[in-house]
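Any read-out appearing in this document is the output of simple, stated calculations on the displayed coordinates, not a laboratory observation. Being a predicted model, the structure only gives us computed values, none of them experimental. Cβ coordinates were reconstructed from backbone atoms using ideal geometry, including for glycine residues, and neighbour counts include every protein chain displayed.
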Amino acid sequence: MDELLAIGEFAARSGLSAKVLRSYAAAGLLVPAAVDPWSGYRYYAPGQLPEARLIRLLRQAGIPVGEIAAFLREPRPEQLQHWERELDREAAARRRALAEARGALGTLARSPGSPAALAGSPAGQDGGMAMVTLAAGSATDRGRVRESNQDSLLVSPPLFAVADGLGGHRAGDVASQLAIETLRDRFSGPPGTEALATAVAEAGRAVWQRADSDPALEGMGTTLTAVVVLEREGQVRLAVANVGDSRAYLFQHGQLSLLTRDDTVVQALIDAGEIEPERGRTHPQRSLLTRALGMSPVVEADISVPAVTGSARLLLCSDGLTTEADDDQIAAVLAAAERPDDAATALVRLANDNGGSDNITVVVVDIAADPQAQ
Ligand code: MN
């Protein structure tokens, strides 16, 4: 028994406690190499250490003991990929639910000081009550051609955003999610253009740094269109930030107006008068971007602050909607849909019905002036 390790030593060297080792043995995992028939003492072979290390890592990843036992009987790398995908799916589902919870929070009955009353609104600064309420809905879809959805979205009243990731394999996915998460985390202080510009700049830096530090993600980038609904002394304004070709629109009185300017080669050609604006939507090079987060260490977003009078419907979308549907079709859906969620779902369906050539992501926000507060 010289070369065998007593359970205490094996525990110390494997990082698994004796108690855990006993429970694993009961499940058929890491069964001791020998058991002293007199003392009941358990001994392990040094050759079992790599397996112990693997089991410890899988447990750290949250894999149930039973699944690990099955895996070790027939270890295949594809199983690890399968677990990774499951993890991604679970995280995505939880993230979606949280995003929806944020939207639902925005639709709660307004009460003074409640976060539902235009969360973070400067209304408190002038002592007044919130005079607008926000209700948001969103939808995102892979479309009918692409193999994965690399768009991401944010519904976190009063901040809303969409991002459309660029880059092969999973890189675009990583870029758009990282931009959205950084935007959400770094948007702080009094809501306004400065807070928005700072958060967008931080998002750009985060994407650049990640792309720069991981060779598998080299060249990744993302668009980002973000809007903050601001209210001050009864006036509503939107802080709109844009990089790339996702868009923000305002829909009011049956009219759809574009709040952003695409950072595309085609838009530059339109501006130069070299092609007709109507041709832009179907131009073969319409998705060639002149600017995106991740393209360079510092990207400054275009920021505008349009005023909103009365109630309105705000739309944020990735180019998967605007390449498949024209303004009239989009306006018709926005006019017909009752709730923001219905509008978002219907717009995704419209894009898919028209071909669904790209990922489609839509955030719809109803900005309702509250007559009782006036
Ligand atoms: Mn796209």
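Less than 11 Å Cβ to Cβ from A335, Lys/Arg counted +1 and Asp/Glu -1: what total charge do the surrounding residues give? Counting the neighbours of A335, the net charge comes to -1. Extension gain for S257-E218 works out to 10.4 nm (0.36 nm per residue, less the C-alpha to C-alpha distance). Placing a pseudo-label 7 Å from each Cα along the Cα-to-Cβ vector at T309 and V265 gives an inter-label distance of 4.2 nm.
Highest average first, the peptides 153-159, 7-13 ordered by how many other beta carbon atoms sit within 10 Å of their residues are 153-159, 7-13.
Counting Cα-Cα pairs of the chain in 20 Å increments starting at 0 gives whole-percent bin shares of 26, 43, 21, 9, 1. What is the angle, in °, between the Cα long axis of helix 171-186 and the longest principal axis of the Cα atoms in the chain? Nearest 10 is fine, range 0 to 90. With rounding to tens, the tilt is 70 degrees.
Taking Cα pairs under 8 Å and at least six residues apart, what relative contact order does the chain come out at, in percent? Worked out over the chain, it gives 17 percent. The phi-based Karplus calculation (6.51 cos²θ - 1.76 cosθ + 1.60; θ = phi - 60°) puts the 3J(HN,Hα) values of the range 13-28 at 7, 9, x, 10, 6, 4, 5, 5, 4, 5, 5, 5, 4, 5, 8, x Hz, whole numbers, x for Gly and Pro. If the chain linking E338 and Q60 were pulled fully straight, counting 0.36 nm for each residue of separation and taking away their Cα-Cα distance, it would gain 95.4 nm.
Label zone (T193, point 7 Å along Cα-to-C-beta; backbone nitrogen cut-off 19 Å) within the range 309-330: 309.
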